[in-house]
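Participant: Before we start, here is the structure in question, set down as structure tokens.
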Amino acid sequence: MLPVKPFRQAKTRLALWPGAPRASLAHAFFRDTLDAVLDTPGVARVLVVTNDPQATREATSLGALTIVDRPRRGLNAAIRRAAIHAHALTLHQPTAVLTADLPALRSAELQSVLATAAVHARSFLADHTRQGTTLLAAARPLLLLPSFEGNSSRSHRLSGAREVTGLDVPTVKLDVDTPEDLCRAWHLGVGDHTSALLGATVEPSAAAHRGVSPFKSPRTVSSSTQARSDDPAL
């Protein structure tokens with residue numbers, strides 16, 4: 001499940017990023033996240049819960065199921081709404097929620113996290129700051145019990161979810177909220193949509209943010225297909 005905030009309301013801390021409006025950045029992050037999820041072996045269905053018409057159209061066109069997040073009552077309410085829908089579709093199938101702001105996401109890394117999460121009734125992956133959560137998984141949809149926002153990794157841990165640790169999965173942990181995050185994602189190699197949006201503008205921008213190296217993305221629009229070709233086949 002991918003909860004998606006309306007793009008015009010998302011990523012306020014990226015408002016000052018030069019060369020790309022924050023709504024466009026949020027959209028690109030969503031598309032790269034969705035593409036990687038759809039390419040992940042073992043993912044049977046993808047549900048996108050959103051109140052954004054563009055996200056709904058694009059997710060549907062790519063084969064994902066969509067759920068209207070209306071009335072909007074925040075991230076956790078959206079996930080609970082999607083969980084009820086997923087329960088009706090899948091009954092007792094394992095389910096995971098993934099944040100939709102992972103522009104560097106690799107399918108092979110996500111597959112590794114999901115495989116590890118599957119041995120627990122309920123588990124989560126802390127983000128790169130160890131304060132937030134990028135993935136919450138449960139053996140059944142209604143067991144997710146989301147507690148995103150704020151120090152969600154602590155909240156999920158205290159609620160009994162097992163933390164997924166010991167995996168080298170930087171692209172699943174790197175949710176992008178700040179310019180520094182975006183520079184780090186660019187260094188890891190962002191997907192086609194973010195790469196096309198940023199173009200050359202990321203290099204001078206990266207140099208201005210706390211010494212983060214402004215390297216060219218290892219995964220550009222032309223190289224992303226090749227980079228993903230090593231993922232395990234379904």
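The values are calculated or read from the model by the stated rules, or taken from the named source; none is laboratory data. Here the structure is a predicted model, which is why all the values come from computation and not from measurement. Using ideal geometry, Cβ is built from the backbone for each residue, glycine included, and neighbour counts are taken over all protein chains shown. Ligands, DNA and RNA are stripped out before the accessible areas are found, and what is left, the full protein with its side chains, is counted by its heavy atoms. Shrake-Rupley method; radii C 1.70, N 1.55, O 1.52, S 1.80 Å.
Participant: Tally up the carbon and sulfur contribution to the accessible surface of the range 98-201 as a whole percent, 1.4 Å probe, everything protein left in place.
Facilitator: Reported share for carbon and sulfur atoms: 53 percent.
Participant: For the range 53-135, what size does the Cα cloud have along each of its three principal axes, sorted from largest down, in whole Å?
Facilitator: 31, 30, 26 Å, listed from the longest principal axis down.
Participant: Same structure again: Give me the percent of accessible area attributable to carbon and sulfur for the range 49-91, probe 1.4 angstrom. Walk me through the numbers on the way to the answer.
Facilitator: Values: 1340 of 2340 Å².
Answer for the range 49-91: carbon and sulfur cover 57 percent of the accessible area.
Participant: Still on this structure: Skip the ligands, DNA and RNA, and give the accessible area per residue of the range 111-183 with a 1.4 Å probe, whole Å².
Facilitator: Values: 3060 Å² over 73 residues.
Counting only protein heavy atoms, the per-residue value for the range 111-183 is 42 Å².
Participant: Tell me, how many Å apart are the Cα centres for the range 44-99 and for the range 110-180?
Facilitator: 18 Å
Participant: Pairs of alpha-carbon atoms within less than 8 angstrom and 6+ residues apart define the contacts here; what relative contact order does the range 119-180 have, in percent? Intermediate results must be reported in sequence, preceding the final value.
Facilitator: Working: 89 pairs, mean separation 24.7, N = 62.
Relative contact order for the range 119-180 comes out at 40 percent.
Participant: Would you mind computing, in nm to one decimal, how far apart the modelled labels at His92 and Thr12 are, each placed 7 Å from Cα along Cα→Cβ?
Facilitator: In this crude label model, His92 to Thr12 measures out at 4.4 nm.
Participant: I'd like to compare 65-78, 26-39: which one has the highest average count of other Cβ atoms within 10 Å, and what's the full order after that? List each step's numbers first, then the result.
Facilitator: Values: 65-78: 16.1, 26-39: 23.6.
Result, highest mean first: 26-39, 65-78.
Participant: Could you state the accessible area per residue of the range 14-84 in Å², with a 1.4 Å probe and every protein chain left in place? Show your work: numbers first, answer last.
Facilitator: Working: 3170 Å² over 71 residues.
About 45 Å² of surface per residue is accessible.
Participant: Radius of gyration and Dmax for the range 1-96's Cα atoms, expressed in Å?
Facilitator: Values for the range 1-96 (Cα only, Rg and Dmax): 13.8, 46 Å.
Participant: If I ignore ligands, DNA and RNA and count only protein heavy atoms, how much of Glu163 is accessible to a 1.4 Å probe, in Å² to the nearest 10?
Facilitator: Spelled out: Glu163, probe radius 1.4 Å, area about 40 Å².
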